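First comes the structure, then the notes that go with it.
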Amino acid sequence: MAKLKFQTPTGMHDILPEDQAYLRSIMKVAESVSAFYGFQRIDTPILENAELYEKGTGVSTDIVEKQMYTLKTRGGDLLALRPEFTPNIVRSFLQHGMYNLPQPVKLYTSGPLFRYERPQEGRYRQLHQFDVEVFGDQSAAIDAQLIQMFVAILKDLKLSHIIVEVNSIGDSQCRPYYKKALISYLKNKQYAVCTDCRRRIKTNPLRVLDCKEEKCQQIRSQAPQMIDYLCQECKDHFKSLLEFLDEADLPYHLDPYLVRGLDYYTKTVFEVFAERSPGNPDEKGFLALGGGGRYDGLMKLYGGRETPAAGFGMGIDRVLSAVKRQSLPSEPSSPKIFLAQLGDQAKKKSMKLFEEFRKANISVAESLGRDSLRAQLARADKLGVSHTLILGQREVLDNSIVIRTMGSGAQKTVKLNEAVEEVKKLIRGK
Ligand code: HAM
């Protein structure tokens, strides 16, 4: 086939009907786990002031440095397509005075995000996240609860081989000391790291620990560790987090070099990985399904009162491909019965019948465009329905309908106005 003139932009993809069932299962599970833990939905605009991310996510992060889609409005404002949710939700919390509500305030959202990334498997320019944020609680119990929720969602989706990595990156009290130690370690290695990291040593040295380049990872393996520089408060918080995780029987790994690619984190950071498909080796053979942590300083940075906060973002596209590889979705709306019709009168009568089935919450498939009974039964067979209703010319005349059991081929005729009740009995009796 000749190359089509119009295709999705680089790094963006359609979510086709065959993937929608997976997507629905993921959202259903994520929303029910969140509701259980007391989270409420919030939606924020897809466009926000670019400065929100420059200030929050951080000017020297990859996201702000290279990945933002920005545009100037006719009125001269510089807006950005949201690259993440956290700054939007913090902005909304402040704008709507949610600090006056009983704390903690627990919010979740989901939707598309945009990052001008180098596209590859699992990395898109329009990605989708399920994101949760908690405001107004500094306890490590919240951090542990977030990890527990993340794992619960994946478990409910029947995903296995999950790994949780945690670390503490300290706060404004102790991190400067660590930064100093790291810079002095990296200083005489600037020619052994990649060109990006050579620059990062000056602008944002912690980012070197996050670099995926082989040579930078080697340098990292000997670097000083944040855990040795934590102040007493951060040390206690981290210890408390690990105790909560142990108590909840949540297996985790300590990764002393986990820093995450965003600037606002304080204390806890974590990332959740799943094994990649075999034959697709990448970082550690694992793919990050999501990550998060605590960010107690962001609210103040945006001009609000100091408010502790923590959250995570789950990559829906990646969870979807992991679910697809490991299990089948339970499709709640797959049709249970099929309605076949013969002739115009039958077609007309079937319209009303459809409404009756819809009201009874029984999904019915049809093939109104086909006229031959054989073609319609073949379609019913393919859909795997248990029963087919047949409305032929004779049935139209005497107000009846045939119910055919697909497996055995057995048929019986019932009154048209009793069709819904009969079907209910048959489905229930299965
Ligand atoms: P993040 O680590 O940038 O964190 O993104 C979280 C997850 O989104 C990643 O682990 C990955 O699964 C998915 N993701 C990120 N970029 C892409 C991409 N280009 N293509 C496909 N999936 C991607 C955040 O966004 C923070 N806002 C999380 C957070 C919430 N921290 C505190 N609260």
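The values are calculated or read from the model by the stated rules, or taken from the named source; none is laboratory data. In this text, all values refer to a predicted model and were calculated from it rather than measured experimentally. We place every Cβ from the backbone using ideal geometry, glycine too, and count neighbours over all the protein chains shown. When the accessible area is computed, the model is the full protein with side chains, heavy atoms only, and any ligands, DNA or RNA have been set aside. Shrake-Rupley method; radii C 1.70, N 1.55, O 1.52, S 1.80 Å.
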(request) From (1) open to solvent by 20 Å² or more (accessible area, probe 1.4 Å); (2) within 11 Å of the ligand (Cβ to nearest atom), pick out the condition that doesn't hold for residue 270. (result) (1)
(message) Among the listed residues 348, 336, identify the single one that is over 29 Å from residue 119 (Cα atoms), modelled with pLDDT under 85 and either within 13 Å of the ligand (Cβ to nearest atom) or in contact with a strand residue (DSSP E or B) (Cβ under 8 Å, 6 or more places away or on another chain) (or both).
(response) 336
(message) Criterion first (of a type outside the set (D, E, K, R) and more than 23 Å from residue 263 (Cβ to Cβ)) does residue 139 satisfy it?
(response) yes
(request) Scan the stretch 385-398 for residues that are surrounded by 12 or more Cβ atoms within 10 Å (Cβ to Cβ) and not polar (S, T, N, Q) and jot them down. (result) 385, 387, 389, 390, 391, 392, 394, 395, 396
(request) Might you check whether a residue that is at pLDDT 95 or above and in a strand (DSSP E or B) occurs anywhere in the stretch 254-262? (result) yes
(request) Determine which single condition residue 378 fails, assuming it passes every other condition in (1) without any contact (Cβ under 8 Å) to a residue 12 or more places away in the chain; (2) hydrophobic (A, V, I, L, M, F, W, C); (3) touching a helix residue (DSSP H, G or I) at 6+ places or on another chain (Cβ under 6 Å). (result) (3)
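If the requirement is being assigned to a loop (DSSP other than H, G, I, E, B), over 25 Å from residue 173 (Cα atoms) and at pLDDT below 95, which of these qualifies: 287, 250? Spell out how you get there, then give the answer.
On the way: 287 fails: assigned to a loop (DSSP other than H, G, I, E, B).
Answer to the check: 250.
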(message) Looking only at the stretch 309-325, filter to residues that are of a type outside the set (A, V, I, L, M) and away from the ligand (no atom under 12 Å from the Cβ); which one of those is modelled with the highest pLDDT?
(response) 324
(message) For the stretch 66-86, which positions are crowded, with 18+ Cβ neighbours inside 10 Å, farther than 21 Å from residue 9 by Cα and not hydroxyl-bearing (Ser, Thr, Tyr)?
(response) 85
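Out of 121, 117, which single residue is more than 9 Å from the ligand (Cβ to nearest atom), touching an Asp or Glu at 6+ places or on another chain (Cβ under 9 Å) and open to solvent by 10 Å² or more (accessible area, probe 1.4 Å)?
Checking each option against the conditions leaves just 121.
Suppose we filter the stretch 351-377 for residues that are aliphatic (A, V, I, L, M), in a helix (DSSP H, G or I) and open to solvent by less than 50 Å² (accessible area, probe 1.4 Å); how many remain? First the steps, then the outcome.
Residues of the stretch 351-377 that are aliphatic (A, V, I, L, M), as a first pass: 351, 353, 360, 362, 364-365, 368, 373, 375, 377.
From what is left, the residues that are in a helix (DSSP H, G or I) are 351, 353, 373, 375, 377.
Filter once more, so that each one left must be open to solvent by less than 50 Å² (accessible area, probe 1.4 Å): 353, 375, 377.
Number satisfying all stated conditions: 3.
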(message) If I go through the stretch 1-34 residue by residue, how many of them are out of contact with any helix residue (DSSP H, G or I) (no Cβ under 7 Å at 6 or more places or on another chain), at pLDDT 95 or above and of a type in the set (A, V, I, L, M, F, W, C)?
(response) 4
(request) Give the stretch 169-213 a look and list any residue that's free of Cβ contacts under 8 Å to residues at least 12 places away in the same chain, more than 15 Å from residue 61 (Cβ to Cβ) and surrounded by 13 or more Cβ atoms within 10 Å (Cβ to Cβ), or say none. (result) 180, 190, 198
(request) Scan the stretch 1-19 residue by residue and report those that are away from the ligand (no atom under 16 Å from the Cβ) and either of a type in the set (Phe, Trp, Tyr) or outside any loop (DSSP other than H, G, I, E, B) (or both). (result) 6, 17, 18
(message) Given the condition touching a residue at least 40 places away in the same chain (Cβ under 8 Å), closer than 28 Å to residue 67 by Cβ and surrounded by fewer than 23 Cβ atoms within 10 Å (Cβ to Cβ), answer yes or no: does some residue in the stretch 216-232 qualify?
(response) yes
(message) assigned by TED's automatic domain parsing to the domain that holds residue 237 and away from the ligand (no atom under 12 Å from the Cβ): is that true of residue 193 in this structure?
(response) no
(message) Of the residues 126, 95, 40, only one is within 18 Å of the chain's Cα centre (by Cα), surrounded by fewer than 22 Cβ atoms within 10 Å (Cβ to Cβ) and away from the ligand (no atom under 12 Å from the Cβ); which?
(response) 40
(request) Could you tell me whether residue 382 is surrounded by 13 or more Cβ atoms within 10 Å (Cβ to Cβ) and in a helix (DSSP H, G or I)? (result) no
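Checking the conditions here, which among 22, 69, 53 is in contact with a Leu (Cβ under 9 Å, 6 or more places away or on another chain), among the hydroxyl-bearing types (Ser, Thr, Tyr) and within 13 Å of the ligand (Cβ to nearest atom)?
Values: 22 fails: within 13 Å of the ligand (Cβ to nearest atom); 53 fails: in contact with a Leu (Cβ under 9 Å, 6 or more places away or on another chain).
Criteria check complete, one pass: 69.
Could you check how many residues of the stretch 407-430 are of a type in the set (A, V, I, L, M) and without any contact (Cβ under 8 Å) to a residue 60 or more places away in the chain? Reasoning before the result, please.
Pass one, the stretch 407-430, residues of a type in the set (A, V, I, L, M): 410, 414, 416, 419-420, 423, 426-427.
With without any contact (Cβ under 8 Å) to a residue 60 or more places away in the chain added as a condition, the list becomes 410, 414, 426.
Here the count works out to 3.
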(message) Consider the stretch 294-308. How many of its residues are within 12 Å of residue 86 (Cβ to Cβ), within 12 Å of the ligand (Cβ to nearest atom) and part of a loop (DSSP other than H, G, I, E, B)?
(response) 1
